[in-house]
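Have a look at the structure below before the remarks.
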Amino acid sequence: MRALFVLGAVAVSGFIGTAAADTSESKWQTRVVIEKQGAHCVDDPNCFNRYHPDIPAVIRANPGDMIIYHTRDALDSDLTLDSNADDLAAVDLNFVHPMTGPVHIEGAERGDVIAVTLVDIEPDEYGYTVIVPGFGFLRDIYTEPYLVNWKLSRTHAVSDQMPGIRVPYEAFMGSVGVLPGQPEVESWLERERLLGEAGGVALPPQPIGALPSAVCGPEGSGKDQCLRTIPPRENGGNMDVQQMQIGTTLLLPCFIEGCGLFVGDVHYAQGDGEVSGTAIETGAVVTVTVDIRKGEGAFIKGPEVEGGAQIKNIEPSKFYQTIGLPLKAAGEVPPPHSYLDSQKIADLTNLSEDLTLAARDALIKMIDYIQRKHGLTAEQAYILSSVAVDLRIGQVVDVPNYVVTAVLNEDVFAE
Amino acid sequence: MCGRTRRQALGLGLRLGVGAGAALLLSGHTPYGQWVVYRKKHLLIGCHKADPGAYDLAKQVVAQLDAHLPAAKSRVARAPHAGRLASLLATAQMDVATLSGSEAAAMQAGSGGFAPYGPVALRLLLPLGDRLLIARADFPERHAWLVTAALAGTDLAPEIQTAQEAAVPWHPGSRAFLEGRPEPGSD
């Protein structure tokens, strides 16, 4: 018996010995890796959380290189599997969103378009979804902090706080973009300033907590012009579009030499709408490749996406759908309409051609369904809607009642 | 010892919530205007994970405030470390926290690990055993008076002397309560 074991061992050893010529030895890729350093963005020279053309590139890459970004979660948080709502209340939102990069793409210049193909996303083992008070689509209804901790794998996410739920892995880059040029900074700041003065939700530059501090911090050279990362803009950024799955190609206009490509804020899974304000948020290792399309900036003025079967692959095999109409109670002014300061809106029970109100109606009906049919609490249902319910436009013609539907992926309920 | 009984004072506490809201509206450094919605509704009691006992203490403070000053709608906010509390206090995203004496002194001075946040002007609301309940220096006098009134004389702070030395100066509102002076006017 022992002799047999030794013989087997020798045989295996001999097999391994020939492994020097196996496929792992043959290389062709050029890998450009931007690793995390330190616990948080402030500790990391490869991390920043504002947009400005003077933010220096941390590395250079050629078209065709495998560019590998080690990214942080959207809140640059210290949250863990045992965190609770008390921890959420102490999050410092000055640190949102930590981005990895920027990367100088050799040969790309203002007026070009870069085509960014998502090759892979390896998620961390932990992710979270939260209700942040004052944030999210139903912020007038869900006013208390709420936190769901998720255990992640390459197949699905589960949570002790969401028993019986398995959310499939459908990861994408919540934020991906390029640095703006100086004309864009000035134009975007001005339009957001005017919106803010009109009462809209527009965030002016905030030097406290801004990185890199040499450019965007309180003593930074561009402290009054560093754009916040919350709104997506023509340079991409925080788009939160779930169809940007692995294999799709994102087109981005280039505003500066080298473009300054950055990645962060990975979403393990998210419904169209991200209604609670967050998806399943996680850090990750993201691999992309880039090609340059010379001069196409003349036609492509903002982010656009090329894809294939990915858009079908994330569809549910079983669903439930609610139909939303632009209806509301008399006297009610939903938060997105409040800046218009309109008594007319307050008095009406039916708004005209209003997709926002129709979406709200569909979502509230869906949350009611999830509670009634599946026994979740209101907060759990809101969280589930954020990660597994898609808000979709039904039609924009049947005046006055445009339709938005809410589609629940019923596959998330474990058999 | 307290110049006014706790129960006498607590009857005045119901107005704190609105006042706290007004104070927190001054939190102009918060990046989300919307985030202020929560922080003007609730009096956050900060603590941090690196001091494990502080979490339980903060929860006890909240329980007492819920019982005796419900209009404050107090909530625990647990930061990962003391530096995060310094960041939140320095940028007016938080007003009140529990700290050790040495942490409070260092934060006030902006020294040691708190240097990146600069000096943070802090005032003492109450000593709670071997920790301090502190507030930003601009925490309104009336609010300090009411919070102190809600906690002084409870198991958390059974015997308080304003003469006792602390790592940071007393808040004038807390001192006013402990010296028996009436609730300050609306701020």
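The values are calculated or read from the model by the stated rules, or taken from the named source; none is laboratory data. Computed from a predicted model, the values in this text were never measured in an experiment. For neighbour counting, all protein chains shown are included, and Cβ atoms are generated from backbone atoms with ideal geometry for every residue, glycine included. The accessibility values were calculated without ligands, DNA or RNA, using every heavy atom of the protein model including side chains. Shrake-Rupley method; radii C 1.70, N 1.55, O 1.52, S 1.80 Å.
Among the residues here, A:G209 qualifies as on the phi > 0 side of the Ramachandran plot and either open to solvent by 60 Å² or more (accessible area, probe 1.4 Å) or out of contact with any strand residue (DSSP E or B) (no Cβ under 6 Å at 6 or more places or on another chain) (or both).
Applying the criterion of being assigned to a loop (DSSP other than H, G, I, E, B) and open to solvent by 80 Å² or more (accessible area, probe 1.4 Å) to the residues of region A:316-344, the residue that is modelled with the lowest pLDDT is A:D341. The residue of region B:103-142 that is most open to solvent (accessible area, probe 1.4 Å), among those that are outside any loop (DSSP other than H, G, I, E, B), over 22 Å from B:K49 (Cβ atoms) and out of contact with any strand residue (DSSP E or B) (no Cβ under 8 Å at 6 or more places or on another chain), is B:E141. Against the list (1) under 28 Å from A:E122 (Cα atoms); (2) open to solvent by less than 10 Å² (accessible area, probe 1.4 Å); (3) at pLDDT 95 or above, the condition A:G222 fails is (1). For region B:53-91, filtering for residues that are farther than 18 Å from A:A85 by Cβ, within 8 Å of another protein chain (Cβ to nearest Cβ) and either among the charged types (D, E, K, R) or in contact (Cβ under 8 Å) with a residue 40 or more places away in the chain (or both) leaves 1.
Note on region A:142-171: residues that are at positive phi and among the acidic types (D, E) amount to 0. Based on this model, can you work out whether A:A89 counts as within 14 Å of chain B (Cβ to nearest Cβ), open to solvent by less than 40 Å² (accessible area, probe 1.4 Å), aliphatic (A, V, I, L, M) and farther than 16 Å from A:A381 by Cα? Spelling it out, A:A89 is indeed within 14 Å of chain B (Cβ to nearest Cβ), open to solvent by less than 40 Å² (accessible area, probe 1.4 Å), aliphatic (A, V, I, L, M) and farther than 16 Å from A:A381 by Cα. On inspection, A:G111 fails the criterion of being touching a strand residue (DSSP E or B) at 6+ places or on another chain (Cβ under 9 Å), closer than 24 Å to A:E234 by Cβ and part of a strand (DSSP E or B).
Looking only at residues in region A:182-206 that are open to solvent by less than 80 Å² (accessible area, probe 1.4 Å) and not in a helix (DSSP H, G or I), the one that is farthest from the other protein chains (Cβ to nearest Cβ) is A:A198. Residues that are in a helix (DSSP H, G or I) and either without any contact (Cβ under 8 Å) to a residue 12 or more places away in the chain or closer than 19 Å to B:L99 by Cβ (or both) within region B:154-174 comprise B:G173, B:S174, listed in sequence order.
Considering A:M173, A:M162, the condition of being surrounded by 16 or more Cβ atoms within 10 Å (Cβ to Cβ), part of a strand (DSSP E or B) and away from chain B (no Cβ under 14 Å) is satisfied by A:M173 alone. In the condition set (1) not in a helix (DSSP H, G or I); (2) not assigned by TED's automatic domain parsing to the domain that holds A:I393, A:G297 is compliant with all but (1). Scanning region A:111-154 for residues that are under 22 Å from A:M366 (Cα atoms), more than 12 Å from chain B (Cβ to nearest Cβ) and open to solvent by 20 Å² or more (accessible area, probe 1.4 Å) turns up just one, A:I141.
Every listed requirement among (1) in contact (Cβ under 8 Å) with a residue 24 or more places away in the chain; (2) within 14 Å of chain B (Cβ to nearest Cβ); (3) more than 18 Å from the chain's Cα centre (by Cα); (4) surrounded by fewer than 24 Cβ atoms within 10 Å (Cβ to Cβ) is met by A:D43 save one, (1).
Can you name the number of the only condition in (1) assigned to a loop (DSSP other than H, G, I, E, B); (2) closer than 20 Å to A:P303 by Cβ; (3) open to solvent by 50 Å² or more (accessible area, probe 1.4 Å) that A:D240 fails? Going through (1) assigned to a loop (DSSP other than H, G, I, E, B); (2) closer than 20 Å to A:P303 by Cβ; (3) open to solvent by 50 Å² or more (accessible area, probe 1.4 Å) one by one, A:D240 breaks only (3).
What is the one condition in (1) touching a residue at least 60 places away in the same chain (Cβ under 8 Å); (2) more than 11 Å from chain B (Cβ to nearest Cβ); (3) among the hydrophobic types (A, V, I, L, M, F, W, C) that A:F95 does not satisfy? Exception for A:F95: condition (2). For A:I370, the conditions (1) open to solvent by 40 Å² or more (accessible area, probe 1.4 Å); (2) touching a residue at least 24 places away in the same chain (Cβ under 8 Å) are fulfilled apart from (1). Yes or no: B:I134 away from every other protein chain (no Cβ under 14 Å) and under 14 Å from B:I45 (Cβ atoms)? In short, yes. Selection over region A:50-72 of residues that are within 14 Å of another protein chain (Cβ to nearest Cβ) and surrounded by fewer than 23 Cβ atoms within 10 Å (Cβ to Cβ) gives a count of 0. Looking across region A:225-237, just one residue is within 14 Å of another protein chain (Cβ to nearest Cβ), crowded, with 20+ Cβ neighbours inside 10 Å and under 22 Å from A:V286 (Cα atoms), and that is A:T229.
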